[in-house]
C-alpha cells in the first residue's frame, strides 16, 4: 500500500505534535517540575503532589511511605 500526499502530511503532523509534546515534557523536567508527587529537582515528595496522584493505590502507597508530610 502506497501513501499519497495527504497521508504523508498527516503522518508528518502526528510526528511533529509528538516531538513538541516530548520537548515540553523535557523542558518541564529541566525546570524541576513536580511530577507524580515528587519534586524532580530534589527527589522529595510534596504533600500536594501526593494528593494529586490519580491512582488511588499509588496515592495511598505514597501517603503511607511519607506520613511525616501529613502529620501536624
Condition set at pLDDT 85 or above and in contact with a helix residue (DSSP H, G or I) (Cβ under 7 Å, 6 or more places away or on another chain), scope the range 26-50, selection surrounded by the fewest Cβ atoms within 10 Å (Cβ to Cβ): answer is 47
Please list, ordered by first then second residue, the pairs with beta carbon atoms under 8 Å, 6 or more apart or interchain, first in the range 50-71 and in contact (Cβ under 8 Å) with a residue 12 or more places away in the chain, second assigned to a loop (DSSP other than H, G, I, E, B) and surrounded by fewer than 13 Cβ atoms within 10 Å (Cβ to Cβ).
63/70
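At pLDDT 75 or above and touching a helix residue (DSSP H, G or I) at 6+ places or on another chain (Cβ under 7 Å): does that describe residue 65? Give the steps one after another, and end with the answer.
On the way: at pLDDT 75 or above: yes; touching a helix residue (DSSP H, G or I) at 6+ places or on another chain (Cβ under 7 Å): no.
No.
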Regarding the range 4-25, can at least one residue be identified that is closer than 30 Å to residue 68 by Cα, surrounded by 10 or more Cβ atoms within 10 Å (Cβ to Cβ) and at pLDDT below 85?
yes
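The values are calculated or read from the model by the stated rules, or taken from the named source; none is laboratory data. Computed from a predicted model, the values in this text were never measured in an experiment. FYI the Cβ positions are ideal-geometry reconstructions off the backbone, even for glycines, and counts take in every protein chain you see.
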